[in-house]
Amino acid sequence: MGLDKNAQGTVLKYVSLVTLTVQNSAVALSMRYARTRAGDMFIASSAVVMAEVVKLLASLFLVFKQEGSIQHLVVALHTQIWQQKLDTLKVCVPSFIYLIQNNLLYVSASNLDAATYQVTYQMKILTTAMFAVLILHKQLRGTQWTSLLLLTAGVALVQLSASSKAVSAATAGQNRVLGCVAAIAACCCSGFAGIYFEKILKGSEVSLWVRNVQLSFLSVPLGILTSYANDYSSIVDKGFFYGYDAYVWYLVVLNAVGGLLVAMVVKYADNILKGFATSLAIVISTVASVFLFDFVITFQFAVGTALVIGSIFLYSYEPKKPPSNPMDSNDTPERSKLIHDPHLQSSK
């Protein structure tokens, strides 16, 4: 017997929770391990390019599933991409910014332990909110402004905990300042590109998966140019795929398909579940860092992490709408909508 709709909804929510948690924690831990393990170090910019290639192939497959046939796929791509060249060119902006973001994340993962990286990268909530206010003219609730202050304070505490000798010993030979700056810069890129992409999607009939094809289609050539601009000598001397092994290919696929997978399941997860997933990912990354990378948890780090986790739930919290009073002539539907309209949603 099949499950009824309520049971299916419950199952999908928990599947979404597990998927989001595993993806969030796996990316942080996998990138950190890839940049600290023994052996030949792969060229990070080449991994970013290959992730875009895999993402392009995955997006094309999803458009194919959506259209139902190769013929319809070709027609859809020709109509929505080639015939709308100006619209396609608009996607160049987030494409280039996402490339910069992904390269910055590798720099951050190379210089920060997985736990600190995971916590610091939650600053993308702040940058996304700021750009939403500036570009989309969104309004934030008072609780959301409070959560952003708590988030900033928590990340600051986590970064200040680097003064601990125990933490410094665990990250010897790495530049924590560079890692922190790279992570915050990546958050700024993520916030701006995400809001810009949202603005493009609004009022457009182009599907989300076709937009992802556009993003990756433009990102691949831009990524190759960026890779050669940053690592020309290394690529010429060692080769584009220097240091690649099964683990590096796993990391490439994880970075590429992980985001698409999250986009598919996130519609089944409400804000509370997304908050749980992010918080669990932080906890998992921290605990795993203790065993995998000899990370030492300090009191200051624990307080900062708690503030960040608390801010995630506070930002996602939406107060229940009070029942309207039919006797109150001032409580019109338009006024109720103005008061209770849910504003900016929590970003992943």
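Hey, among 263, 277, 256, which residue is surrounded by 15 or more Cβ atoms within 10 Å (Cβ to Cβ), assigned to a helix (DSSP H, G or I), at pLDDT below 85 and on the phi < 0 side of the Ramachandran plot?
277
Could you list, in sequence order, all residues of the stretch 64-119 that are β-branched (Val, Ile, Thr) and assigned to a helix (DSSP H, G or I)?
If the condition is that a residue be β-branched (Val, Ile, Thr) and assigned to a helix (DSSP H, G or I), then 70, 74, 75, 79, 81, 88, 93, 97, 100, 107, 116, 119 are the ones that fit.
Do we find that residue 222 is open to solvent by 40 Å² or more (accessible area, probe 1.4 Å) and either free of Cβ contacts under 8 Å to residues at least 40 places away in the same chain or of a type in the set (A, V, I, L, M) (or both) in this structure?
On the way: open to solvent by 40 Å² or more (accessible area, probe 1.4 Å): yes; either free of Cβ contacts under 8 Å to residues at least 40 places away in the same chain or of a type in the set (A, V, I, L, M) (or both): yes.
Against the criterion (open to solvent by 40 Å² or more (accessible area, probe 1.4 Å) and either free of Cβ contacts under 8 Å to residues at least 40 places away in the same chain or of a type in the set (A, V, I, L, M) (or both)), residue 222 qualifies.
Just checking, how many residues over the stretch 280-297 are part of a helix (DSSP H, G or I) and either β-branched (Val, Ile, Thr) or in contact (Cβ under 8 Å) with a residue 12 or more places away in the chain (or both)?
From the stretch 280-297, those part of a helix (DSSP H, G or I) are 280-292; that's our starting set.
Narrowing further to those that are either β-branched (Val, Ile, Thr) or in contact (Cβ under 8 Å) with a residue 12 or more places away in the chain (or both): 280-290, 292.
Counting residues in the stretch 280-297 that are part of a helix (DSSP H, G or I) and either β-branched (Val, Ile, Thr) or in contact (Cβ under 8 Å) with a residue 12 or more places away in the chain (or both) gives 12.
Could you please give the count of residues in the stretch 287-310 that are among the hydroxyl-bearing types (Ser, Thr, Tyr) and at pLDDT 90 or above? Steps first, please.
Pass one, the stretch 287-310, residues among the hydroxyl-bearing types (Ser, Thr, Tyr): 289, 298, 305.
Keeping just the survivors that are at pLDDT 90 or above gives 305.
Qualifying residue count for the region: 1.
I'm checking my understanding of the structure. Among residues of the stretch 298-313 that are out of contact with any Gly (no Cβ under 9 Å at 6 or more places or on another chain) and touching a residue at least 24 places away in the same chain (Cβ under 8 Å), which one is nearest to residue 112 (Cα to Cα)?
Top of the filtered list is 301.
Give me the residue from the stretch 33-50 that is open to solvent by 10 Å² or more (accessible area, probe 1.4 Å) and in a helix (DSSP H, G or I) and, out of that set, farthest from residue 294 (Cα to Cα).
Checking each candidate, the answer is 50.
Name the residue, out of 134, 201, 178, that is more than 23 Å from residue 107 (Cβ to Cβ), open to solvent by 30 Å² or more (accessible area, probe 1.4 Å) and at pLDDT 90 or above. Explain how you work it out, then say what you get.
Working: 201 fails: at pLDDT 90 or above; 178 fails: more than 23 Å from residue 107 (Cβ to Cβ).
Just a single option satisfies the conditions, and that option is 134.
Suppose we filter 169, 153 for residues that are modelled with pLDDT of 90 or more, open to solvent by 30 Å² or more (accessible area, probe 1.4 Å) and in a helix (DSSP H, G or I); which single one remains?
Going through 169, 153 in turn, the sole match is 153.
Mind listing whichever residues of the stretch 73-109 are open to solvent by 20 Å² or more (accessible area, probe 1.4 Å), of a type outside the set (A, V, I, L, M) and over 18 Å from the mean Cα position of the chain (by Cα)?
Result: 78, 79, 80, 82, 83, 84, 85, 87, 90, 92.
If a residue has to be of a type in the set (Phe, Trp, Tyr) and at pLDDT below 90 to count, how many in the stretch 181-198 make the cut?
Summing the residues that are of a type in the set (Phe, Trp, Tyr) and at pLDDT below 90 in the stretch 181-198 gives 2.
The values are calculated or read from the model by the stated rules, or taken from the named source; none is laboratory data. Keep in mind the model is a prediction, meaning the values are calculated, not measured. A quick note on method: Cβ atoms are made from the backbone with ideal geometry, for glycine too, and the neighbour counts reach across all protein chains shown. With ligands, DNA and RNA removed, areas are computed over all heavy atoms of the protein, side chains included. Shrake-Rupley method; radii C 1.70, N 1.55, O 1.52, S 1.80 Å.
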